[in-house]
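Encoded as structure tokens, the structure appears first; notes follow it.
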Number of protein chains: 2
Amino acid sequence: MQRFGMMIRLKAGSASTYKRYHAAVWPEVLDKILECNIRNYSIYFKDDLLFSYFEYHGCDLKSDWKKMDSHAKTQEWWAVMQPMQEPLPKRKEGEWWAEMEEVFHLD
Amino acid sequence: MQRFGMMIRLKAGSASTYKRYHAAVWPEVLDKILECNIRNYSIYFKDDLLFSYFEYHGCDLKSDWKKMDSHAKTQEWWAVMQPMQEPLPKRKEGEWWAEMEEVFHLD
């Protein structure tokens, strides 16, 4: 299993809309997340920052990302979310949410 | 079980020391964390921000916090960590790490 911590900024004034959408995520989007072997997925918010934590339980991350990337309903979801988000300037090439470095873990 | 997401800033120039300590956390500190019913505890770092995620599996959070607070070796650990950290101005009264709001969760 691989754990991930990701970060992105939320644009000023977007918090209530973002939270409203995430209180009732579209079922097709949730199903695709599970189908792509992601579990224990949380998103936290404070001071215009979003942090996400999730666990990947599959064995082909690249192929699972591709599956999610090409899912029409997920693309539709992202098209609503992305205008509310401001990706970090220091993210890696190709990233939207920026992957953080795990500096500690205790089971 | 309760999940927590917490955030704090790391002072400029502190990252390498902070990471070195967290690569080999003192065993007494780890034992106390487990004794206080905390599991699946991760800390992530990016752009001078630390994010921590953990799960509380006990049934008396207040008493477990107090137990950790009063543990000499843990206090000693915090005395090393805190000068490297810059708590968020918008944290709640009494907080060091600021608790974030969970806006989404999928098991």
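A few points about this structure:
- Summed over the residues of the protein assembly as shown and divided among them, the accessible surface reaches 53 Å² per residue at a probe radius of 1.4 Å.
- Label spacing, shortest first and in nm, from A:S70 to its equivalents in the remaining copies (7 angstrom along Cα→Cβ): 6.0
- Segment A:1-93, Rg to Rh (Cα coordinates; Rh as Kirkwood inverse mean 1/r): 0.95
- Inter-centroid distance (Cα atoms) of segment A:1-46 relative to segment B:81-107, Å: 19
- Label point 7 Å beyond Cα along the C-beta direction, distances from A:D31 to other copies (nm, shortest first): 5.1
- Per-residue shielding of B:1-9, expressed as the average number of other chain Cβ atoms within 10 Å of the residue Cβ, stands at 3.
- Pairwise Cα inverse-distance average, inverted: Kirkwood Rh of the protein assembly as shown (Å): 18.4
- Set B:K62/B:K92; A:K46/B:K19; B:K11/B:K46 screened for pairs whose C-alpha atoms are more than 20 Å apart: A:K46/B:K19
- Residue by residue along A:63-74, Cβ atoms of other protein chains within 10 Å of the local Cβ number 0 on average.
- Take A:W96, move 7 Å from Cα toward the beta carbon, and the resulting point lies 3.7 nm from the same point in each other copy, nearest first.
- Using the Cβ of B:T74 as centre and a radius below 13 Å, the other residues enclosed give a net charge of -2, where K and R count +1 and D and E count -1.
- Charge sum, other residues only, whose C-beta stays under 15 Å from B:F45's C-beta, Lys/Arg counted +1 and Asp/Glu -1: +3
- The residue list A:Y53, B:P83, A:Y41 was ranked by how far each Cα lies along the charge dipole of the protein assembly as shown toward its positive end, using unit charges on Cβ atoms, and B:P83 comes out on top.
The values are calculated or read from the model by the stated rules, or taken from the named source; none is laboratory data. A quick note: this is a predicted structure, and the numbers were derived from the prediction, not measured. Glycine gets a Cβ as well: all are built from the backbone with ideal geometry, and neighbour counts include every protein chain shown. Keep in mind that these areas ignore ligands, DNA and RNA; they rest on the heavy atoms of the full protein, side chains included. Shrake-Rupley method; radii C 1.70, N 1.55, O 1.52, S 1.80 Å.
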